[in-house]
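The next block holds one structure in the form of structure tokens; read it before the comments.
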Amino acid sequence: MSRTEWTIHAPVEQVFEVLADGWTYSDWVVGTAHIRDVDPQWPKTGTKLHHTVGMWPLTRSHETEVLECEPPVRLALKPKLWPLGELVVVLTLVAQSAGTTRVVLVEEFTDGPMRAARNKLNDLLLHARNREALRRLADLAENRR
């Protein structure tokens, strides 16, 4: 399991606006190359984001389903990244002083070969990937108009 935290200099509502815009995911989720479609009710529980991962010509079409949504403080997602497996990703937003938000991202493989291969090295790789993702999310949220 990887747990990554980042402080974003924007209010919780502004950060959640980015999460609620499924079309932005390829801008901040590391490894997502293209958003193909977003269900109209995203991020309502059960809706899906349809995306492409990888670098051309080694790309795959996948989807991410919303498991739980509590605007503006929590979003739980289930990305499918076969052949690596499936994950559960939980983003928790905590309001802090002066209009800043602490984002806690917890990610864990729940199915597939990466679940079986869970070790400290994999956790470190996920953590590094998630630090970059949260840095990108911060850029989008802090500069959102």
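Under a model in which nothing but the beta-carbon of Lys, Arg (+1) and Asp, Glu (-1) is charged, the chain shows a dipole of about 340 debye around its Cα centre.
Once the mean of 1/r is taken over each pair of separate Cα atoms and inverted, the stretch 1-68 shows a Kirkwood hydrodynamic radius of 13.2 Å. Going 7 Å from the Cα of LYS44 toward and past its Cβ, which residues in the stretch 55-70 have a backbone nitrogen under 15 Å from where you end up? Correct set: 66-70. For the chain, the longest principal axis of the C-alpha atoms and the axis of helix 120-142 are separated by about 40°. In the chain, the inverse of the mean reciprocal separation of distinct Cα atoms equals 15.4 Å; this is its Kirkwood hydrodynamic radius. Multiplying the residue separation of ASP37 and TRP56 by 0.36 nm and removing their Cα-Cα distance gives an extension gain of 5.0 nm. When you restrict to C-alpha pairs under 8 Å that are six or more residues apart and normalise by the size of the chain, the relative contact order lands at 31 percent. Ordering SER26, SER97 by the number of other Cβ atoms within 10 Å of each residue's own Cβ, fewest first, gives SER97, SER26. Excluding same-chain neighbours fewer than eight residues apart, the aspartates and glutamates reachable from LYS78 by a Cα-Cα span under 14 Å are GLU63, GLU65, GLU68, GLU86, GLU107, GLU108, ASP111.
No value in this document is a laboratory result; all are computed from the given coordinates. The structure presented is a predicted model; accordingly, all values stated were derived computationally and were not measured. Note that each Cβ is placed from the backbone with ideal geometry, even for glycine, and that neighbours are counted across all protein chains shown.
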